[in-house]
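Colleague: Would you mind keeping the following structure in view while I ask a few things?
The values are calculated or read from the model by the stated rules, or taken from the named source; none is laboratory data. No experiment lies behind these values; they were computed from the predicted model shown. Here the Cβ positions follow ideal geometry from the backbone for every residue, glycine too, while neighbour counts run over all protein chains shown.
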Amino acid sequence: MTAADVDLELPAALGRQLRVDAVRATAAAGSGHPTSSMSAADLMAVLLAGHLRYDVERPDHPGADRLVLSKGHASPLLYAALKAAGAIGDEELLTFRKLGSRLEGHPTPVLPWVDVATGSLGQGPAVGVGMALAGKRLAHLPYRVWVLCGDSEMAEGAVWEAFEHAGHEHLGNLTVIVDVNRLGQRGPTRHGWDLDAYARRARAFGWHTVEVDGHDVAAVDDAYTEAEATTDRPTAVLARTVKGSGVTAVANREGMHGKPLPDPREAIAELGGGADVRIRPAAPPPADGPPRAAAPHPLLPAYDVGDQVATRDAYGRALTALGTARPDVVALDGEVGDSTRTELFAKEHPDRYFECYIAEQQLVAAAMGMQACGWVPYAATFAAFLTRAHDFVRMAAVGRANLNLVGSHAGVAIGEDGPSQMGLEDLAMFRAVPGSTVLHPCDANQTARLVAAMADDGMAGVRYLRTMRGARPVLYEPGEDFPIGGSKLVRSSSGDRVTIAAAGVTVHEARAAADLLAAEGIGARVLDLYSVKPVDAVAVRVAAELTGCVLTVEDHRPEGGLGDAVAEAFADGRPVPLLARLAVRTMPGSATDAQQLAAAGIDAAAIAEAARDLVAAQGTRAA
């Protein structure tokens, strides 16, 4: 397609209408970002009128192009475009930012035409990489991913993780449009209108670049056509625009960011008045979605009770088995697949394995993009390194994404590597994510069952599985069930005087502590809370009623982890038992795993000592 093939009057008129509707929507709301929407209006108009293949009546069409508004604050532009395409009406447009409206200040998948939540700047290109990878390597479909960015967000490191990854993968189906309007929130951006500054960086990562006047619809159309014709690498369309374009009172003026226009009626008149331009994007080609399960249940690995197996090993084998049963399951890793054991999946299913290298933001973002396209991703790295991607995890929850994340090498039990490699805050981080599920298995069979459960259609939201480096004895039979939100009673007797609640490695230490206590005539009930969120509050309360005191022990910092989960089970006003918690309160150094557990005060000896103190305190309180 060339500029001569397109009626350029249509995108020009549509661009004016998009500006008018952005002004109207923000005026009705009394807030919003009209000037940021106005700068990109022509870029959006040309895309809608001549290049985007999309069916608004079937937004989940697997063959449709993907559009990610990375500059999510320019949501009035997106909503105005949806109105022009017939997805929403004018009445709904004017509910922008109002209570109960689907048209939120920044877009979320509450709207069926929005794939991922945006607004935390810099995430769009990274998520777009995941969508483009899904199209090129998984679905083998010709759809194109269009990402509209602002120039301010190009300062984000996540953008350049995305650019490097896209260049490495030669994603010719990805086009990033950068709205270079020169002005950020508080003043000029780092590079202003220097398009070549952006082009040099993009080209260094293997991208094709096109520099263009973002208000010349013919030039923009040619740029998009050039991007579509570039199939061996991604394209960055760098568009020089004017913030607040079309309205003299705000055009290229500082201090207008994030504010409705001072005189909306005058602005609308200057823009040519209201219009009702309608546009139907080109229809996408016929396509099928991701393949469905090849087998009803995966043939999970099975381990004999007493076997010494690391839960990370069980994760890798269970994920591989799940991939055999389900062709929609994909695996991603951050260049530690030999440690996380994702390499087992890579060897068996290389076409569905994605190496994201040491770029954890891109790792999580790619998984977000793939799940938006209907795939079931598992992304793994060290638990400690997932903290780098927390903002992507947070936005995944905002966007109602279904995401499986796995953190290995958790806690001081990893041994000699030292604190930089120890995930000690991960449970707190993931428990704080709304709608999340947090799992911490203690043995191989439990791990395998939980890996499969994470892929169940009934599961939703962000799911986190914590695995361990070292081998530990298998406690449970292969056929045992581990429901999400459940727990396992590892040890109990009629005379139990204390409950020890644990997860992961501390389950094994708790069992050993119970043996020490039993030799002294103190019965200890050991509860395996493998589901840290949702925690089995019923089992915790029953144990508390029977013993009167609960000791939690975790290979994690005391804040936000298992101890808090257990304490919250008594936050509804019911009587609270004696509670105590053991957790990692020191700054670890390098030592063996046994030495680390002892130094942190969470090994069997420390647990037994704390349990004795708790039982004594219980006796004092009873007296």
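Colleague: Please find, within the stretch 382-401, the residue that is surrounded by the fewest Cβ atoms within 10 Å (Cβ to Cβ) out of those that are in a loop (DSSP other than H, G, I, E, B) and over 8 Å from the mean Cα position of the chain (by Cα).
Modeller: Restricting attention to the stretch 382-401, the residues satisfying the condition of being in a loop (DSSP other than H, G, I, E, B) are 399-401.
Filter once more, so that each one left must be over 8 Å from the mean Cα position of the chain (by Cα): 399-400.
Details: Gly399: 23, Arg400: 15.
Here the answer is Arg400.
Colleague: Going residue by residue through the stretch 337-356, is there one that turns out to be without any contact (Cβ under 8 Å) to a residue 60 or more places away in the chain and small (Gly, Ala, Ser)?
Modeller: Yes - at least one qualifying residue is present in the stretch 337-356.
Colleague: Kindly provide the set of residues from the stretch 545-565 that are crowded, with 24+ Cβ neighbours inside 10 Å and farther than 23 Å from Ala598 by Cα, ordered by number.
Modeller: Start the filter on the stretch 545-565 by keeping residues that are crowded, with 24+ Cβ neighbours inside 10 Å, which leaves 547, 550-556, 561-563, 565.
Those that are crowded, with 24+ Cβ neighbours inside 10 Å and farther than 23 Å from Ala598 by Cα: Thr547, Ala565.
Colleague: Continuing with the same structure: Where residues in the stretch 247-275 are at pLDDT below 95 and of a type in the set (A, V, I, L, M), which of them is surrounded by the most Cβ atoms within 10 Å (Cβ to Cβ)?
Modeller: Selected residue: Met256.
Colleague: Considering His215, His297, which residue is within 28 Å of the chain's Cα centre (by Cα) and in a loop (DSSP other than H, G, I, E, B)?
Modeller: Details: His215 fails: within 28 Å of the chain's Cα centre (by Cα).
One residue alone meets the criteria, His297.
Colleague: Separate question: Give the residues of the stretch 369-381 that are small (Gly, Ala, Ser) and within 12 Å of the chain's Cα centre (by Cα), sorted by residue number.
Modeller: Restricting attention to the stretch 369-381, the residues satisfying the condition of being small (Gly, Ala, Ser) are 369, 372, 374, 379-380.
Those that are small (Gly, Ala, Ser) and within 12 Å of the chain's Cα centre (by Cα): Gly369, Ala372, Ala379.
Colleague: Does Glu360 count as touching a strand residue (DSSP E or B) at 6+ places or on another chain (Cβ under 9 Å) and closer than 16 Å to Leu386 by Cβ? Walk me through how you get there before you give the answer.
Modeller: Values: touching a strand residue (DSSP E or B) at 6+ places or on another chain (Cβ under 9 Å): yes; closer than 16 Å to Leu386 by Cβ: yes.
So Glu360 passes the test.
Colleague: When only residues in the stretch 429-442 that are farther than 12 Å from Val406 by Cα and within 16 Å of the chain's Cα centre (by Cα) count, which is surrounded by the fewest Cβ atoms within 10 Å (Cβ to Cβ)?
Modeller: Among those residues, the one meeting the criterion is Pro434.
Colleague: Within the stretch 557-576, restricting attention to residues that are in a loop (DSSP other than H, G, I, E, B) and touching a Lys or Arg at 6+ places or on another chain (Cβ under 9 Å), which residue is nearest to Ala539 (Cα to Cα)?
Modeller: Going residue by residue through the stretch 557-576, those that are in a loop (DSSP other than H, G, I, E, B) are 557-561, 569-576.
Applying the additional criterion that residues be touching a Lys or Arg at 6+ places or on another chain (Cβ under 9 Å) yields 557-558, 560-561, 569-570, 574.
Values: Arg557: 23, Pro558: 21, Gly560: 20, Gly561: 18, Ala569: 10, Phe570: 12, Arg574: 15 Å.
This residue is Ala569.
Colleague: Test Ala199 against the stated conditions and say whether it is under 31 Å from the mean Cα position of the chain (by Cα) and either within 21 Å of Trp146 (Cα to Cα) or modelled with pLDDT of 95 or more (or both).
Modeller: yes
Colleague: Given Thr467, Thr506, Thr499, which one is closer than 28 Å to Leu386 by Cα, of a type in the set (Ser, Thr, Tyr) and over 28 Å from the mean Cα position of the chain (by Cα)? Walk me through how you get there before you give the answer.
Modeller: Numbers: Thr467 fails: over 28 Å from the mean Cα position of the chain (by Cα); Thr499 fails: closer than 28 Å to Leu386 by Cα.
Of the residues listed, the single one that is closer than 28 Å to Leu386 by Cα, of a type in the set (Ser, Thr, Tyr) and over 28 Å from the mean Cα position of the chain (by Cα) is Thr506.
Colleague: For the stretch 225-246, which residues satisfy the criterion of being among the charged types (D, E, K, R), farther than 16 Å from Asp151 by Cα and either surrounded by 22 or more Cβ atoms within 10 Å (Cβ to Cβ) or over 31 Å from the mean Cα position of the chain (by Cα) (or both)? Talk me through it step by step, then tell me what you get.
Modeller: Looking only at the stretch 225-246, we keep the residues that are among the charged types (D, E, K, R), and these are 226, 228, 232-233, 240, 243.
After this cut, where a residue has to be farther than 16 Å from Asp151 by Cα as well, the list is 226, 228, 232-233.
Listed by number, the list holds a single entry, Glu226.
Colleague: Step by step: first the residues of the stretch 279-299, then only those that are closer than 22 Å to Ala13 by Cα and in contact with a Lys or Arg (Cβ under 9 Å, 6 or more places away or on another chain), then the one that is surrounded by the fewest Cβ atoms within 10 Å (Cβ to Cβ). Which residue is that? I'd like the intermediate steps shown before the answer.
Modeller: Step one: of the stretch 279-299, the residues closer than 22 Å to Ala13 by Cα are 279-283.
Okay, now just the ones that are also in contact with a Lys or Arg (Cβ under 9 Å, 6 or more places away or on another chain), so 281-283.
Details: Pro281: 21, Ala282: 15, Ala283: 13.
Looking at residues that are closer than 22 Å to Ala13 by Cα and in contact with a Lys or Arg (Cβ under 9 Å, 6 or more places away or on another chain), I get Ala283.
Colleague: Let me confirm something: among Asp90, Asp42, Asp55, Asp60, which residue is crowded, with 24+ Cβ neighbours inside 10 Å and either free of Cβ contacts under 8 Å to residues at least 12 places away in the same chain or of a type in the set (Asp, Glu) (or both)? Steps first, please.
Modeller: Working: Asp90 fails: crowded, with 24+ Cβ neighbours inside 10 Å; Asp55 fails: crowded, with 24+ Cβ neighbours inside 10 Å; Asp60 fails: crowded, with 24+ Cβ neighbours inside 10 Å.
Asp42 is the lone residue from the list that is crowded, with 24+ Cβ neighbours inside 10 Å and either free of Cβ contacts under 8 Å to residues at least 12 places away in the same chain or of a type in the set (Asp, Glu) (or both).
Colleague: Is it true that Val566 is of a type in the set (A, V, I, L, M), within 27 Å of Tyr464 (Cβ to Cβ), outside the structural domain of Met468 (by TED's automatic domain parsing) and out of contact with any strand residue (DSSP E or B) (no Cβ under 8 Å at 6 or more places or on another chain)? Spell out the reasoning first.
Modeller: Working: of a type in the set (A, V, I, L, M): yes; within 27 Å of Tyr464 (Cβ to Cβ): yes; outside the structural domain of Met468 (by TED's automatic domain parsing): yes; out of contact with any strand residue (DSSP E or B) (no Cβ under 8 Å at 6 or more places or on another chain): no.
Criteria not met by Val566.
Colleague: From the list Ala87, Ala126, Ala134, Ala80, which one is modelled with pLDDT of 95 or more, out of contact with any helix residue (DSSP H, G or I) (no Cβ under 7 Å at 6 or more places or on another chain) and of a type in the set (A, V, I, L, M, F, W, C)?
Modeller: On the way: Ala126 fails: out of contact with any helix residue (DSSP H, G or I) (no Cβ under 7 Å at 6 or more places or on another chain); Ala134 fails: out of contact with any helix residue (DSSP H, G or I) (no Cβ under 7 Å at 6 or more places or on another chain); Ala80 fails: out of contact with any helix residue (DSSP H, G or I) (no Cβ under 7 Å at 6 or more places or on another chain).
Going through Ala87, Ala126, Ala134, Ala80 in turn, the sole match is Ala87.
Colleague: Give Thr235, Thr248, Thr230, Thr225 a once-over and let me know the one that is in contact with a Ser or Thr (Cβ under 9 Å, 6 or more places away or on another chain) and over 16 Å from Ala166 (Cβ atoms). Steps first, please.
Modeller: Details: Thr235 fails: over 16 Å from Ala166 (Cβ atoms); Thr248 fails: in contact with a Ser or Thr (Cβ under 9 Å, 6 or more places away or on another chain); Thr230 fails: over 16 Å from Ala166 (Cβ atoms).
From the options Thr235, Thr248, Thr230, Thr225, the qualifying one is Thr225.
Colleague: In a loop (DSSP other than H, G, I, E, B), in contact (Cβ under 8 Å) with a residue 60 or more places away in the chain and of a type outside the set (A, V, I, L, M, F, W, C), is that true of Pro327? Don't jump to the end; show me each part of the working.
Modeller: Working: in a loop (DSSP other than H, G, I, E, B): yes; in contact (Cβ under 8 Å) with a residue 60 or more places away in the chain: no; of a type outside the set (A, V, I, L, M, F, W, C): yes.
Criteria not met by Pro327.
Colleague: Listed residues Arg53, Arg58; which is in the same structural domain as Arg253 (by TED's automatic domain parsing), over 21 Å from Val180 (Cβ atoms) and in contact with a Gly (Cβ under 9 Å, 6 or more places away or on another chain)? Walk me through it before giving the result.
Modeller: Details: Arg58 fails: in contact with a Gly (Cβ under 9 Å, 6 or more places away or on another chain).
After applying the criteria, what remains is Arg53.
Colleague: Next up: Please give the helices (runs of 4 or more DSSP H) falling wholly within the stretch 22-107 in which 1 or more residues are farther than 17 Å from Ala12 by Cβ.
Modeller: On the way: elements: 34-39, 41-50, 75-84, 90-93.
Ranges flagged: 34-39, 75-84, 90-93.
Colleague: Any idea how many residues of the stretch 452-482 are in contact with a Pro (Cβ under 8 Å, 6 or more places away or on another chain), among the aliphatic types (A, V, I, L, M) and crowded, with 23+ Cβ neighbours inside 10 Å?
Modeller: 1
Colleague: On to the next question. Within the stretch 483-502, take every residue that is in contact with a Lys or Arg (Cβ under 8 Å, 6 or more places away or on another chain) and surrounded by 23 or more Cβ atoms within 10 Å (Cβ to Cβ) and give me the one that is farthest from Arg312 (Cα to Cα).
Modeller: Val498
Colleague: Which condition breaks for Gly206 when tested against (1) in a helix (DSSP H, G or I); (2) on the phi > 0 side of the Ramachandran plot?
Modeller: In the conditions (1) in a helix (DSSP H, G or I); (2) on the phi > 0 side of the Ramachandran plot, Gly206 misses (1) alone.
Colleague: What tally of residues in the stretch 503-516 results from selecting those that are under 23 Å from Glu545 (Cβ atoms) and surrounded by fewer than 23 Cβ atoms within 10 Å (Cβ to Cβ)?
Modeller: 1
A quick yes/no check of all residues on (1) under 21 Å from Ala367 (Cβ atoms); (2) free of Cβ contacts under 8 Å to residues at least 40 places away in the same chain:
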position: Thr118; (1), (2): yes, no
position: Leu121; (1), (2): yes, no
position: Ala126; (1), (2): yes, no
position: Ala139; (1), (2): yes, no
position: His170; (1), (2): yes, no
position: Arg182; (1), (2): no, no
position: Ala202; (1), (2): no, yes
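Colleague: Continuing with this model, one more query. I need the full set of residues from the stretch 160-195 which are closer than 17 Å to Ala359 by Cα and either outside the structural domain of Val210 (by TED's automatic domain parsing) or charged (D, E, K, R) (or both), in order please. Give the derivation first.
Modeller: Going residue by residue through the stretch 160-195, those that are closer than 17 Å to Ala359 by Cα are 160-169.
The answer is Glu161, Glu164, Glu169.
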